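The values are calculated or read from the model by the stated rules, or taken from the named source; none is laboratory data. On a predicted model such as this, the values are computed, not experimentally measured, just so you know. As a convention, Cβ positions derive from the backbone with ideal geometry for all residues, glycine included, and neighbour counts pool all protein chains shown. Keep in mind that these areas ignore ligands, DNA and RNA; they rest on the heavy atoms of the full protein, side chains included. Shrake-Rupley method; radii C 1.70, N 1.55, O 1.52, S 1.80 Å.
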Amino acid sequence: MDIISQLQEQVNTIAAIAFNTFGTLQRDAPPVRLSPNYPEPPPATAPTAAAPSNPTTEESPSNNIAETPKLLSAELVKAAKQFDALVAALPFSEGGEEAQLKRIAELQAENDLVGQELQKQLEAAEKELKQVQALFNEAADNCLNLKKPD
């Protein structure tokens, strides 16, 4: 897998971790009283065995709500560090922007020359195809003219 694909995969991983982190924190957060004018929130209930649970929280020794954010943030930081390592592995462009623009112009000129050569070859192939078709038609006509009508 090339470095760009690895970077894309790591960005997807970071996004998934962030999505799961926010969802887990939202799901597991205890109710909080927003205003003294509102009644007391109902007591938090423990998740049942039938309820789906986050694999990250299952891996923790205890389903402690105080430990979950630490574990999830550590996982997110680890993924971000892996991303940084991949970015550091990218090849360094030498010569700055001017050298890059010069190289792009050289590659574009080379591409144009190759394109012109391919166009010439295409035209020659089309000309040869027309010749072959004409010869085939002539041969087919000659074969048909040799048959005696019934």
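Remarks
- With the whole protein complex present, Asp112 retains an accessible surface near 80 Å², based on a 1.4 Å probe.
- Residue-level accessible surface for Glu67, protein heavy atoms, 1.4 Å, Å²: 70 Å²
- Net length gained if the chain between Asn111 and Asn64 were fully extended (0.36 nm per residue, minus Cα distance): 10.8 nm
- Length released on extending from Leu34 to Lys102, taking residue separation times 0.36 nm less the Cα-Cα span: 18.3 nm
- Exposure of Leu135 as accessible area (Å², to 10), given a probe of 1.4 Å and all protein chains: 110 Å²
- Between Ala18 and Gln119, the simple spin-label model (points 7 angstrom out along Cα→Cβ) gives 4.6 nm.
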